[in-house]
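A short write-up of the structure that comes next.
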Amino acid sequence: MKHKVFIDGQAGTTGLRLAERLAERADIQLVEIDEARRKDPAARLACIADANISFLCLPDDEAADIAAAAPPEARIIDCSTAHRTAEGWAYGLPEIFGTGGIGGHTTKVANPGCHATGFILAMRPLVDAGIVDKDAALGFHSLTGYSGGGKAMIAEYESTAATNESTLSAPRQYALAQAHKHLPEIEKYSGLGHAPIFAPIVCDFYSGMMVGVPLPRSALRRPASVVIIRAALANYYAESQIVKVRELGAEHSEAAGAGFLSADAFANRDDIEVFVTGNDDRIEVVSRYDNLGKGASGAAIQNMNLMLGLPEGKGLSLGD
């Protein structure tokens with residue numbers, strides 16, 4: 001049996017990647033829309049009604065409009081920001097909220113933001129365990145490949161002019177007003193009482209992401225060593241095939257980067273690795289993954305699998 005899947009917004013970065021990946025699966029039949037009608041709401045709604053499940057790879061306003069007009073029973077995964085904190089939508093992070101919350105009778109799932117994924121996976125288990133104070137004043141940085149900026153940013157970085165453009169060859173911090181669109185979901189789902197200070201940094205590589213969260217002693221509710229924090233995360237994700245909590249000191253191995261963690265090491269993968277680094281007085285939790293994988297299309301396919309009752313890892317690129 002083939003599952004019929006429609007991608008609304010297939011021309012965008014996430015939509016294109018989803019289409020390429022799903023076209024390779026024998027169990028998926030992509031619902032095609034006439035190119036001349038891909039902006040026609042009636043034609044798009046007809047495709048959504050025909051499909052077993054649909055992805056929305058659209059700007060927020062368009063995603064909100066089409067989701068509101070779709071049949072109530074239509075199964076939808078929204079890859080935009082529009083529904084990530086909305087009532088009636090499941091947040092598509094099954095490692096935290098359980099596979100049953102995404103599968104079963106759920107018809108509407110909001111795919112998490114790429115930056116939010118690394119932070120929430122690192123912090124929510126520690127808040128739930130009573131290790132990190134929910135009122136802690138935290139901050140974090142996130143290094144991302146330029147593909148996360150969509151077609152316009154990709155074209156900017158890959159143009160001939162960019163080769164000699166010094167402002168593009170160096171890392172660039174952005175969202176300096178502390179109003180990044182991922183902050184609301186981070187505040188809602190991390191377990192913290194308020195959003196952290198966030199420093200996203202775009203770099204001159206195509207895909208990959210690394211999120212680092214420092215944990216000062218003042219952020220901890222009880223004495224907690226790197227051993228305790230690593231054990232809490234490892235126990236939390238012990239059954240996960242997606243989240244790999246590395247052994248203490250693994251960042252110094254040749255496989256990890258010999259003491260240098262490269263943000264693009266998990267490019268083209270759909271899993272995520274977590275390191276607990278530093279010492280008992282100066283601890284940092286680091287998540288490394290692909291902004292287009294677990295941060296976007298990989299997570300969307302994982303959620304699709306769960307909604308269709310398929311094995312969670314089917315069609316995903318997973319490693320050790």
Report, to two decimal places, the Cα Rg of the chain normalised by 2.2 N^0.38 Å (N = number of residues). 0.99
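Using the structure shown, list the pairs from K108/K134; K151/K314; K4/K108; K151/K188; K39/K294; K151/K294 with a Cα-Cα distance above 21 Å, or answer none.
On the way: K108/K134 28 Å; K151/K314 28 Å; K4/K108 17 Å; K151/K188 29 Å; K39/K294 28 Å; K151/K294 19 Å.
K108/K134; K151/K314; K151/K188; K39/K294, as the Cα separations exceed 21 Å there.
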Two-site FRET efficiency, A179 against M153, from Cβ-Cβ distance with R₀ of 30 Å, rounded to 0.05: 0.95
Other-chain or far-sequence residues with amide H under 5 Å of I28's (modelled H): H3
Test of the criteria: in the range 2-44, which trypsin sites (Lys or Arg not before Pro) are in a DSSP loop and have at most 10 other Cβ atoms within 10 angstrom of their Cβ? K39
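When the helix-only estimate is applied to the chain (DSSP H runs of n ≥ 4, each -39,500 (n - 2.57), divided by the residue count), what is the mean residue ellipticity at 222 nm, nearest 500 deg cm²/dmol?
Values: 11 runs with 94 residues, N = 320.
Helix-only estimate at 222 nm: -8000 deg cm²/dmol.
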So if I place +1 on the C-beta of Lys and Arg and -1 on the C-beta of Asp and Glu, and nothing else carries charge, what would the dipole magnitude of the range 1-64 be about its Cα centre? I want it in debye, nearest 20. 180 debye
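Taking the mean number of other Cβ atoms within 10 Å as a proxy for protection, how do you rank 299-305, 209-215, 289-295 from highest to lowest? Numbers along the way, then the final one.
Numbers: 299-305: 27.1, 209-215: 24.0, 289-295: 29.6.
Sorting 299-305, 209-215, 289-295 by mean packing, highest first, produces 289-295, 299-305, 209-215.
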Find the accessible area per residue for the chain; the probe is 1.4 Å, ligands and nucleic acids are left out, and the unit is Å². 43 Å²
On the full set of protein chains, 1.4 Å probe, figure out the accessible area of T81 and give it in Å² to the nearest 10. 30 Å²
Quick one: Karplus J couplings for the range 190-195, per residue in order, coefficients 6.51, -1.76, 1.60, θ = phi - 60°, nearest Hz, x for Gly and Pro? 7, x, 7, x, 7, 6
Here Rg/Rh (Cα, Kirkwood) for the range 5-109 equals 0.94
Using Cα-only point scatterers and the Debye equation, what is log10 of I(q)/I(0) for the range 189-320 at each q in 0.09, 0.14 Å⁻¹, rounded to two decimals? -0.29, -0.71
Calc'd 3J(HN,Hα), the range 235-247, phi into Karplus 6.51 cos²θ - 1.76 cosθ + 1.60 (θ = phi - 60°), Hz, glycine/Pro = x, comes to 5, 4, 9, 4, 9, 7, 8, 9, 9, 10, 8, 6, 5
Accessible heavy-atom area order of H115, H194, highest first, probe of 1.4 Å: H194, H115
GluC sites (Glu not before Pro) restricted to DSSP loop in the range 15-93 with at most 15 other C-beta within 10 Å: E24, E32, E73, E87
Take the eigenvalues of the Cα gyration tensor for the range 113-196, scale each by 5, and report the square roots as semi-axes in whole Å, largest first. 33, 11, 11
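The values are calculated or read from the model by the stated rules, or taken from the named source; none is laboratory data. The structure displayed is predicted, hence computed values, not measured ones. Glycine gets a Cβ as well: all are built from the backbone with ideal geometry, and neighbour counts include every protein chain shown. In case anyone asks, the SASA skips ligands and DNA or RNA and just uses the protein heavy atoms, side chains included. Shrake-Rupley method; radii C 1.70, N 1.55, O 1.52, S 1.80 Å.
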